Amino acid sequence: MTETSIRELMSRAVEAGAPPGVQLPVNDVLARNGRVLRRRRTNRAVAAVVVLAGVAGLTALLPGRSPSALPPAPAATRPALDTPTPTIDYEHRANTAMGLLTAAVPAGYRVSKGGPTPAPGGGSYAVHEVHWRIPGQPTKDLYGALLEVQLDGRAAVLTARVTEHDRPEPPPTADLCAVRIDPNEQSCRTVLASNGTPVRIASWNPVTGPVDEATRMANGVLVTVQQAGRPRPGSYGLGRAVLDDRQLADLTANPRLLP
């Protein structure tokens, strides 16, 4: 029943006259009926919105619905994290190399310590020395150590060096002696260290005494450990090796020498 039909009905009732003792509150009835009608219209509108939303959600789940028709989900953003490159403490690595050389010296040898020993002509012989790359002054060597040892008045020198290289690392089954590293090499052999790492050991015999040089490529660097006799004023060069092949290979394959 609309508001217009109610007004017409009430008008006819007023013209016909009310029963005795009864008043016809036309305005109150119309106002109350208007409120009812407005509430109905509001409820219908809300219900229509809910139904449309439900239909939209169901439609998105129906087979064949193209995902591109759906509104794009907000992209998850993550804060950019800068991973700093770790800085290698080359000085610490050089001191580690010196410690490894010292620990490898067999019993009975005297380890030289202190500063350089004067040499004829104003030069000097280093007897206990470490070196490392300084930032801003790049060198081929990253770090290394030199240690002189003496036995029965004769001297030999042990050195450990870690250098950069741009050659491909050989596969485990490769012949490590196929290519010379030092042009003075007279012989070469491959020795397995105690941890199973193959190590290349080359030898030659200059006038100063026999030289054995062990090398290993790993992690983009070349690890070199060398032993050689060292004749100098007041001391003859040691005419034999300080370390045997296995000891030399174990020292070269020690992972603590790697950066």
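The values are calculated or read from the model by the stated rules, or taken from the named source; none is laboratory data. Please read all numbers here as calculations on a predicted model, not as lab measurements. All Cβ positions, even for glycine, are placed from backbone atoms using ideal geometry, and neighbour counts span all protein chains on display.
Which residue is modelled with the highest pLDDT, if the candidates are limited to the range 108-140 and must be among the aliphatic types (A, V, I, L, M) and farther than 19 Å from Gln226 by Cα?
Taking the candidates together, the pick is Ile134.
Sort through Ile201, Ile181 and tell me the only one that's crowded, with 20+ Cβ neighbours inside 10 Å, in contact (Cβ under 8 Å) with a residue 12 or more places away in the chain and not basic (Lys, Arg).
Just one listed residue meets the conditions, Ile201.
Those residues that are part of a strand (DSSP E or B), without any contact (Cβ under 8 Å) to a residue 60 or more places away in the chain and surrounded by 10 or more Cβ atoms within 10 Å (Cβ to Cβ), I need them from the range 119-139; list them, please.
Of everything in the range 119-139, those that are part of a strand (DSSP E or B), without any contact (Cβ under 8 Å) to a residue 60 or more places away in the chain and surrounded by 10 or more Cβ atoms within 10 Å (Cβ to Cβ) turn out to be Ser124, His128, Glu129, Val130, His131, Trp132, Ile134.
Is there any pair with a first residue in the range 233-259 that is in contact (Cβ under 8 Å) with a residue 60 or more places away in the chain and a second that is assigned to a loop (DSSP other than H, G, I, E, B) and charged (D, E, K, R) whose Cβ atoms are under 6 Å apart and which are 6 or more apart or on different chains, and what are they?
Gly237/Arg230
Among the residues of the range 70-103, what is the count of those that are of a type in the set (Gly, Ala, Ser) and at pLDDT below 95?
4
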